[in-house]
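Below is one structure, written out as structure tokens, with a few remarks after it.
Throughout, read-outs are computed from the coordinates displayed, never taken from laboratory work. From a predicted model like this one, the values you see are computed outputs, not experimental measurements. Every residue, glycine as well, gets a Cβ built from its backbone with ideal geometry; the counts of neighbours run over all protein chains shown.
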Amino acid sequence: MTDTLAPTSTPAVTQERRIVTAIPGPKSQELHERRLAAVPVGVSSALPVYIEAAHGAIVRDVDGNQFIDLGAGIGVTTIGHTDDAVVEAAREQLGSVIHTLFTITPYEEYVRVAELLAEHTPGTHAKKTVLVNSGAEAVENGVKIARKYTGRNGVAVLEHAYHGRTNLTMAMTFKAMPYSLGFGPFAGDIHRAPNSYPFRDGLSGVEAAKRTTDYLEKTVGATDLACLVVEPIQGEGGFQVPADGYLPALQEWCTANGIVFIADEIQSGMARTGAYFASEHFGVVPDMVLSAKGIAGGLPLAGVTGRAEIMDASHPGGLGGTFGGNPVAAAAAIAVFDRIEKDDLLAEGRRIEGVLKTGLLELQQKYDVIGDVRGIGAMIAIELVEPGTKNPNSAAVQKIASYAGQHAVILLTAGTYGNVLRFLPSLAISDALLREALAVIDEALATL
Ligand SMILES: *Cc1c(COP(=O)(O)O)cnc(C)c1O
């Protein structure tokens, strides 16, 4: 291994929580002042500690504080920060070729990622993949291809969905604040139907699916819909796990009506839930699967993988983009797939679910502010309520996330009502670190 690019002055990040200054410390505060002058307020940070190094499940700030990372950059560093295999693959690729543009002169790494996605997304049918740079761009391309294939315009999405921040995806995302308020006009022909939200609607999967499809049939008409885009487990919306039978009923309805069934697995995919893709837990085989976030170990890469006949609906030259499927990001993605396979990282997702769910269910016994504990694998959430009701309690969520940050645990919030705490640790996190983080959250709950 060549070490020419290794950071020489940065000491290794040990897998331990460590608090050495107030949080944020003086160096972070100094950087924050510079940032406020140079970066617009629209780009805000949940915890303004400036990170100088990260490895595994720990990030270290410029003041030397070490945080247990339960967010993994929103489910991006799924196999761990600066995973050795990813670093090695990217470093090697940097020394051979960084960019040619696949639509000018192609390279093997792009093709290999497409093969791996065909192999590991649900279903054994023939599949093809286009690679792009971000989740939102994958959603844009998925919709674009579905429209071309069906010759229809309508796009159906669900309540509480999150699909991104570009113009089309802002219109597909449910929550206006902060994602779209004041940023219009928005793309048309987007139709938002009720989802399955077992904690709040009490419906069976079949009942919830009927509500979704009835709504779309009445307000749009199935024959006007090109696609239905669904997160198998909703991300930003609050980790809603749909009731049993909901997704299969939607898929059946899509198939019967010639609608492309698109699974946005950008947050739930790539080994996050103890399966390569969360669709597998629900027994559905989407026509198209969107991946991004965890696919390349932290490098920007996204994929649209679909039935070959759907993906081939676009004329030559209709799909692409300058940076899509960049060789370094693609090399990193190949290393990610290799690690998942070789080191059985799917089992790590199940291990983490065991520790997290058990711990959070225990906390629910102790604190009646926890209304619901839900999720699969390393994608677990608690929904906080005003005790004795289902009224959303976003104030409690803010207090706990802030307490956690002060005690060197990075904990993300979510939910349309801002009342969900979500746990998206990397698969590299140890049981001991998870339990330590749970103890901090226990303390935080006790202060309410
Ligand atoms: C993050 C996310 C997106 C958008 O991805 P970006 O890379 O931020 O554009 C879309 N869908 C889901 C489900 C996501 O979690």
Query raised in the report: How many angstrom separate the Cα center of segment 370-448 from the Cα center of segment 220-261?
Result: 28
Report summary line: Violations at 31 Å Cα threshold for listed pairs Lys175/Lys399; Lys27/Lys342; Lys127/Lys293; Lys27/Lys366; Lys127/Lys210 -> Lys27/Lys342; Lys27/Lys366
Query raised in the report: Got a sec? Charge dipole of segment 331-434, +1 on Cβ for Lys and Arg, -1 for Asp and Glu; which of Leu434, Thr413, Ala332 is way out at the positive end?
Result: Thr413
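Need the full-extension length gain, His125 to Leu181, defined as separation in residues times 0.36 nm minus the C-alpha distance. One decimal, nm.
Details: separation 56, 0.36 × 56 = 20.16 nm, distance 4.07 nm.
Once the chain is fully extended between His125 and Leu181, it gains 16.1 nm.
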Requested in this report: Note down the magnitude of the dipole of segment 244-342 about its Cα centre, charges +1 on Lys and Arg C-beta and -1 on Asp and Glu C-beta and zero elsewhere, to the nearest 20 debye.
Outcome: 380
Report task. For segment 128-141, just list the computed ³J(HN,Hα) in residue order, Karplus coefficients 6.51, -1.76 and 1.60, θ = phi - 60°, integers in Hz, with x standing in for Gly and Pro. Result -> 9, 9, 10, 9, 9, 9, 8, x, 4, 5, 5, 4, 4, 6
Query - For the chain, calculated [θ]222 nm from helices alone, where every DSSP H run of n ≥ 4 adds -39500 (n - 2.57) - result: -11500 deg cm²/dmol
**Report entry** Karplus-derived 3J(HN,Hα), 6.51/-1.76/1.60, for each residue of segment 100-111, Hz, glycine and proline x
**Finding:** 10, 5, 4, 7, 9, 10, x, 8, 5, 4, 4, 4
Query - Gap separating the Cα centres of segment 275-354 and segment 110-150, nearest whole Å - result: 8
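If you average over every viewing direction, what projected area does the convex hull of the Cα atoms of the chain give, in nm²?
On the way: hull surface 85.4 nm².
Quarter of the Cα hull surface area: 21.3 nm².
Quote to one decimal, in nm, the extra length available between Ala308 and Thr358 on full extension: 0.36 nm per residue of separation minus the C-alpha distance between them. Walk me through the intermediate numbers first.
Details: separation 50, 0.36 × 50 = 18.00 nm, distance 4.18 nm.
Result: 13.8 nm gained on full extension.
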